[in-house]
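All remarks here apply to the structure that follows.
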Amino acid sequence: MSQDFLTSLGLSGHTSGAFDGTWIQTSGAPLASDNPATGAVLGTVHDASKADYEKVMGAAHDAWLRWREVPAPVRGEYVRRIGEKLRERKDELGRIVSAECGKILQEGLGEIQECIDIADFAVGLSRQLYGLTIASERPMHHMRETWHPIGTVGIITAFNFPAAVWAWNSMLSLVCGNAHVWKPSRKTPLTAVAMTKVCAEVLEEDGFGALLGLIVGTDDEIGTTMLDDRRLPLISATGSVRMGKIVGQRVGARLGRSLLELGGNNALTVLEDADLDLAVRAIVFGAVGTAGQRCTTTRRVLVQRSIYDELLQRLVKAYGSVTIGDPLADGVLMGPLIDEGSVQAFEKAIVEAQSQGARLMCGGARHEASGDCAGGHFVQPTILATDGPIPMTQEETFAPILYVMPVDDVEDAIRIQNDVPQGLSSAIFTMNVRHAERFLSAVGSDCGIANVNIGTSGAEIGGAFGGEKDTGGGRESGSDSWKAYMRRQTSTVNWGTALPLAQGIKFGDD
Ligand code: NAD
């Protein structure tokens, strides 16, 4: 595999793990970033210390004091130029995403495109941070609602979207007038360094580089420090439900705000009137794409009984043609899992599900790759058939394991779909408008995302993204998600000569 992109992004050898407008000489333990497809070391990042964190946090705060006074459309102009830089470097950045987290190149490039898209969205938004005017009950008064920058935002990201999740947050939040301190996953630090280098270059020209602070460090030392730091009024955290529970409680204990984007357990329902060709394609992409390591991965397929056998057969056949291997190679559809721990979790989940009655239809084991990829963390995409929900179908195993089970009708499907702790994404395949609308209604899917005749994964940036219940309730990306990054101010102005009180209250001589 050519390593040119590492050299051109300045990632070969040893790299600093902290950025405060300049790259700090971090001297913590070296953290090697491995290519999950080969086991080879891509590069090494030096962990940051608490002292480094103070520099990053302090510089971000100072930059914010100036940035909040820059008019929002001018902030948008900086983000427009960041989008241009991302366009220029899309190929190299897409390659580092693929090489470091193992998703195929098409998905790596797609991830950078998502960063470009959200930058474009943020540019438009910079002229649309609309507040309200509100009719006052008092004469010669007016009320208005204004949105102001919130301060410095802490961003904690998961390994599986090592660039896009940060971009969803930081591009919107930059136009909202905030600074940022980013703690990326320790499994994908090089992508974080590369994204920061490329994007901060635009801001550095005017001394605003520290708005995109970066800190690579351990959860115990750096993560916890961020959660407890009152200079971070908002922590936006993406990752497992386990992590979200810690973040929510710890940030809540200091009455800070958290924006949580956590795990999913996404179901796709196929009714007997569905277009099965569409459904099969959507299921395979949703379940196998990113090797099942998307928060929106299709994990459960709920099939109306009359077509259960046929759909299962078609899925098993389609799984047989999934090519597994080096994610940067042409024609490969599925890359590796992120590490050996994930392979073991995959194996354990399959044994456990079988002990609960699930039947293995295909896959179920490691995939033995050869050549450069002999040291990779590959598994086979797996289908398990069940007669209904089992304890394992309540859990998110971050791997390409798909449970397929029969349902009686749309009502049964909605009930089974919703009967899990998570509530991120969901989909139904049907040509019946009544069933589709029921699925989307208040008595239908309880998820943040509910799709019709389209799979559970692959959201566009224009809509609000996120989920309910254990998924954490946060919303990022499009629609009015920007409001999470701002503080709302309600103002009443009296332009008259009297001082009438609200609710007609008389106080003293008035
Ligand atoms: P993870 O929970 O192991 O780690 C996520 C991030 O949280 C990492 O940066 C990690 O270092 C940090 N972290 C963990 N414990 C922490 C602590 N105590 N204090 C501070 N930071 C802490 O998740 P992962 O394995 O990197 O990612 C996979 C998970 O992320 C899956 O559950 C997936 O569904 C979820 N995810 C959700 C979304 C979404 O938008 N809902 C998007 C991507 C991934």
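The values are calculated or read from the model by the stated rules, or taken from the named source; none is laboratory data. The shown structure was predicted, so the numbers you read here are calculated from the model rather than taken from an experiment. Note: ideal-geometry Cβ built from the backbone for every residue, glycine included; neighbour counts use all protein chains shown. Keep in mind that these areas ignore ligands, DNA and RNA; they rest on the heavy atoms of the full protein, side chains included. Shrake-Rupley method; radii C 1.70, N 1.55, O 1.52, S 1.80 Å.
So if I check each of 417, 489, which one is modelled with pLDDT of 95 or more and part of a helix (DSSP H, G or I)?
Residue meeting the stated conditions: 417.
Could you tell me which residue of segment 112-142 is nearest to residue 492 (Cα to Cα), considering only residues that are among the polar types (S, T, N, Q) and touching a strand residue (DSSP E or B) at 6+ places or on another chain (Cβ under 7 Å)?
So the residue we want is 136.
Applying the selection to segment 387-426, what residues are more than 16 Å from the ligand (Cβ to nearest atom) and in contact with a Ser or Thr (Cβ under 8 Å, 6 or more places away or on another chain)?
Result: 403, 404, 405, 407, 410, 413, 414, 417, 418.
Among 349, 374, which is the only one that is touching a Ser or Thr at 6+ places or on another chain (Cβ under 9 Å), assigned to a helix (DSSP H, G or I) and open to solvent by 10 Å² or more (accessible area, probe 1.4 Å)?
After ruling out the rest, the residue left standing is 374.
If you take the residues in segment 246-267 that are under 17 Å from residue 225 (Cβ atoms) and polar (S, T, N, Q), which one is nearest to the chain's Cα centre (by Cα)?
258
Could you tell me which residue of segment 263-299 is nearest to residue 111 (Cα to Cα), considering only residues that are part of a loop (DSSP other than H, G, I, E, B), open to solvent by 10 Å² or more (accessible area, probe 1.4 Å) and of a type in the set (A, V, I, L, M, F, W, C)?
Among residues in segment 263-299 that are part of a loop (DSSP other than H, G, I, E, B), open to solvent by 10 Å² or more (accessible area, probe 1.4 Å) and of a type in the set (A, V, I, L, M, F, W, C), the one nearest to residue 111 (Cα to Cα) is 295.
Restricting to helices (runs of 4 or more DSSP H) lying wholly in segment 149-261: which have 2 or more residues that are away from the ligand (no atom under 16 Å from the Cβ), in the same structural domain as residue 36 (by TED's automatic domain parsing) and buried (at least 24 other Cβ atoms within 10 Å of the Cβ)?
Output list reads 164-175, 189-204.
Is there a residue in segment 29-40 that is among the polar types (S, T, N, Q) and open to solvent by 20 Å² or more (accessible area, probe 1.4 Å)?
Checking segment 29-40: at least one residue is among the polar types (S, T, N, Q) and open to solvent by 20 Å² or more (accessible area, probe 1.4 Å).
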